[in-house]
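Just below is one structure, and these are the notes that go with it.
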Amino acid sequence: MRTEDHVDLFAEQTDADPAPARADGGRPRGLTAEGWVRTTGWLQVGDHPVSSVLLAALAGLLWALVGAAALVTEFPVAAGVLTLTTPVACGVAWWLFTTRLRPASAARNVDTCRADELEPGDLVRLHGSIGPIGQVVEVAVDDDARVVLHGGGQRTWARGDVVHLAELLG
């Protein structure tokens, strides 16, 4: 059967608009139907993200200390138990939330660039330096940089706006 010269019927089919992938090539948690990826972690030290589970446990510890201070004179054992168990419960609850109920991937910012320098395949933060990540599919630069993202979403930035490039970790 004759085919066009540029069509290979036996080639492995590739998605023209591949979904965002983790650094190890796997599918990220929190990939939405719109094509962007929910992420966890709001703090990064150097190029190492701080786990949001640790931040949740730290918040739990602070609340436990406030509660323990109120209880320590009347119920010292309860104050001690509260101080030990609340951070663990908060960390576990947040971990379950971000892995089961509203899955999200860990990510880190790796670089910044101007909006008019974005290229297809770049993973970019959609709302500043934190928040969800989208994969650039197409960039059109006029007065503004109009970016089409995986899943059909679009963003417009001024040409000189700085956007954060990210890497999906898990």
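Bear in mind that the values in this text are calculations on the coordinates, not laboratory data. Predicted model, so just to flag it, every value in this text is computed and none were measured. Glycine also receives a Cβ, built like all others from the backbone with ideal geometry; neighbour counts cover every protein chain displayed.
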Within region 122-150, restricting attention to residues that are outside any strand (DSSP E or B) and under 16 Å from the mean Cα position of the chain (by Cα), which residue is farthest from residue 51 (Cα to Cα)? 150
Can you find a residue that is farther than 21 Å from residue 18 by Cβ and free of Cβ contacts under 8 Å to residues at least 24 places away in the same chain anywhere in region 98-107? yes
Can you name the number of the only condition in (1) assigned to a loop (DSSP other than H, G, I, E, B); (2) surrounded by fewer than 17 Cβ atoms within 10 Å (Cβ to Cβ) that residue 96 fails? (1)
Return a yes/no flag: does region 26-46 have any residue that is of a type in the set (Phe, Trp, Tyr) and buried (at least 20 other Cβ atoms within 10 Å of the Cβ). yes
Can you tell me which residue in region 108-136 is surrounded by the fewest Cβ atoms within 10 Å (Cβ to Cβ), limited to those that are touching a residue at least 60 places away in the same chain (Cβ under 8 Å) and β-branched (Val, Ile, Thr)? 110
Picking from 148, 88, 72, 139, the residue that is touching a helix residue (DSSP H, G or I) at 6+ places or on another chain (Cβ under 9 Å), free of Cβ contacts under 8 Å to residues at least 40 places away in the same chain, of a type outside the set (S, T, N, Q) and under 28 Å from residue 24 (Cα atoms) would be 139
Across region 47-88, what is the number of residues that are closer than 30 Å to residue 135 by Cβ, buried (at least 18 other Cβ atoms within 10 Å of the Cβ) and not hydrophobic (A, V, I, L, M, F, W, C)? 2
